[in-house]
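Only one structure is covered here, and it is reproduced in the block below.
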Amino acid sequence: MSPLSEPSAWLTRWAHLLPPGGTVLDLACGSGRHTRWMAAQGWRVTGVDRNADAVEPLRALAEIVVADLEAAPWPLPGRRFDAVVVTNYLWRALWPALHDALAEGGVLIYETFAAGQQHIGRPSRPEFLLDTGELLRACAGLRIVAFEEGLAPDPARFMQRIVAVKSRPSTGEPPRFRLPGPGG
């Protein structure tokens, strides 16, 4: 697998939180590196992207929705997923739709570029870079399982990453989320 087709290490590190065979929304899926990996793990994936040519090869693996997330209404009203995965994409107006798309107990796995990136590469426009702690604020109301913010190596890039869970009704016991051991 080439580095451009390998799934995000953040996704693979936290994928154990997803229920076996569950439903996953891969938002702004592009050519499908995560869609392919998640489908191979047995999850039922819905990929959304505006580039019809890029997603066409994914139709054999997943439900594919071609939609412009920035210029059209939310393409999946009323749909709920066991997980929502977003990498290297930011459109702040989608935050309410992402919260709504999570089923109870659903896991949000999100990582994208952060302020500081403009000094070392693309993207460099402020509307595509998270402010300090912005993912934490965007996930208000969700249970934060993991959060990272800083300069990631190889290739160098400023990132924010979060794993957050939409709470289920309380059973009286605190929820337990298994943390990965050494090495992921």
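If you scale each eigenvalue of the Cα gyration tensor by 5 and take the root, what three semi-axes come out for region 1-104, rounded to whole angstrom and sorted largest first?
Semi-axes, largest first: 19, 17, 13 Å.
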(Q) Using only the alpha-carbon atoms of region 68-117 as identical scatterers, what base-10 log of I(q)/I(0) does the Debye formula give at q = 0.13, 0.16, 0.31 Å⁻¹? (A) -0.33, -0.49, -1.30
Q: Calculate one ³J(HN,Hα) per residue across region 67-72 by plugging θ = phi - 60° into the Karplus curve 6.51 cos²θ - 1.76 cosθ + 1.60, and present them in order as whole Hz with x for glycine and proline.
A: 7, 8, 5, 9, 10, 9
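Counting other beta carbons within 10 Å of each residue's own, what order do His16, His119, His34 fall into, fewest first?
Least to most surrounded, the residues fall as His119, His16, His34.
Would you calculate a helix-derived [θ] at 222 nm for the chain, using -39,500 (n - 2.57) for each DSSP H run of n ≥ 4 and dividing by the full residue count, to the nearest 500? Intermediate results must be reported in sequence, preceding the final value.
Working: 5 runs with 30 residues, N = 184.
Counting only the DSSP helices, I get -3500 deg cm²/dmol.
Could you put Leu108, Leu69 in order, starting from the residue whose Cβ has the fewest other Cβ atoms within 10 Å?
Leu69, Leu108
Going by how many other Cβ atoms sit within 10 Å of their own, how do Ile120, Ile64, Ile109 line up, fewest first?
In increasing order of surrounding Cβ atoms, one gets Ile120, Ile64, Ile109.
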(Q) Going by average Cβ density within 10 Å per residue, which order do the peptides 21-29, 6-14 take, highest to lowest? (A) 21-29, 6-14
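Going highest first, how would you order 92-99, 148-155 by mean Cβ packing within 10 Å? The partial results should precede the final answer.
On the way: 92-99: 14.5, 148-155: 11.5.
Highest to lowest by the protection proxy: 92-99, 148-155.
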Q | Relative intensity, log₁₀ I(q)/I(0), of the chain from a Debye sum that treats every alpha carbon as a point, q = 0.15 Å⁻¹ | A | -0.90
Q.
Starting from the 7 Å offset along Cα-to-Cβ, what nm value, one decimal, do you get for the label separation of Leu136 and Arg168?
A. 2.8
Q.
Apply the Karplus curve 6.51 cos²θ - 1.76 cosθ + 1.60, θ = phi - 60°, to the phi angles in region 57-66 and return the couplings in whole Hz, x for Gly and Pro.
A. x, 7, 4, 6, 9, 8, 6, 10, 10, 8
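No lab work stands behind these numbers, since they all come straight from the coordinates. Everything numeric in this text was worked out from a predicted model, so none of it was measured. Neighbour counts are summed over all protein chains in view; Cβ atoms, including those assigned to glycine, are modelled from backbone coordinates with ideal geometry.
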